[in-house]
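Bear in mind that the values in this text are calculations on the coordinates, not laboratory data. Because the structure is a prediction, the values reported are computed rather than measured. Neighbour counts run over all protein chains shown; Cβ positions are idealised from the backbone, glycine included.
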């Protein structure tokens, strides 16, 4: 894919997320106002507000995972908020073991790795994200994993035998983004456990 392609992908990701965050925020505010005056109540209102909440959570997460990211730090509270939103909208529990702010571009790699794990956990599971020095370990565990070997076997090199689908884009972006940062991805897969290091 090359660095230029990674940069373009990041710029597109940033642009889409930036343009969608405002209208989603406006819809959320509008729903809160409707709720305050009691204009709409019941399951319909819950369905709409739940869906808007999920969309907003995903967009904020995607802005870090797919957007352009520099060295500026992202604090624990902000990361925890993003992960809490993701847990609420999915089946995966996430343990973030860092207490200090971390560089945004490294968190981007961690989020892409989290998405790789998530895709192998159709019934849900747990993901632990740890950092020692500059080295990151993302470990996914689940009773039932659905591991696509053609993806997991080649995520270290970033060269895949088959065409990557939109649902698999994180597998291509992780090694490319890591490579652009001078890092290499390593992978271990077992029956109930996945480990990504970079």
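In table form, for the structure just shown:
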quantity: Sole exception among (1) closer than 21 Å to residue 124 by Cα; (2) touching a helix residue (DSSP H, G or I) at 6+ places or on another chain (Cβ under 9 Å) for residue 195, by number; calculated: (2)
quantity: Residue count, the range 156-170 (criterion: without any contact (Cβ under 8 Å) to a residue 60 or more places away in the chain and in a loop (DSSP other than H, G, I, E, B)); calculated: 9
quantity: Residue within the range 109-118 that is over 22 Å from residue 77 (Cα atoms), surrounded by fewer than 16 Cβ atoms within 10 Å (Cβ to Cβ) and under 14 Å from the mean Cα position of the chain (by Cα) present; calculated: no
quantity: Some residue of the range 156-176 being within 21 Å of residue 66 (Cα to Cα), touching a strand residue (DSSP E or B) at 6+ places or on another chain (Cβ under 9 Å) and surrounded by fewer than 16 Cβ atoms within 10 Å (Cβ to Cβ); calculated: no
quantity: Residue, farthest from residue 9 (Cα to Cα), within the range 171-183, restricted to residues that are touching a residue at least 24 places away in the same chain (Cβ under 8 Å) and assigned to a loop (DSSP other than H, G, I, E, B); calculated: 183
quantity: Residue list for the range 37-56, filter: surrounded by 12 or more Cβ atoms within 10 Å (Cβ to Cβ) and free of Cβ contacts under 8 Å to residues at least 12 places away in the same chain; calculated: 40, 50, 51
quantity: Matching residues, the range 146-155, being touching a helix residue (DSSP H, G or I) at 6+ places or on another chain (Cβ under 9 Å), in contact (Cβ under 8 Å) with a residue 40 or more places away in the chain and in a loop (DSSP other than H, G, I, E, B); calculated: 155
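Listed here are the residues, each with its yes/no results for (1) more than 20 Å from residue 13 (Cβ to Cβ); (2) surrounded by 15 or more Cβ atoms within 10 Å (Cβ to Cβ); (3) free of Cβ contacts under 8 Å to residues at least 60 places away in the same chain; (4) touching a strand residue (DSSP E or B) at 6+ places or on another chain (Cβ under 8 Å).
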{"residue": "35", "(1), (2), (3), (4)": "yes, no, yes, no"}
{"residue": "58", "(1), (2), (3), (4)": "no, yes, yes, no"}
{"residue": "72", "(1), (2), (3), (4)": "no, no, yes, yes"}
{"residue": "88", "(1), (2), (3), (4)": "yes, no, yes, no"}
{"residue": "103", "(1), (2), (3), (4)": "no, yes, yes, yes"}
{"residue": "141", "(1), (2), (3), (4)": "yes, yes, yes, yes"}
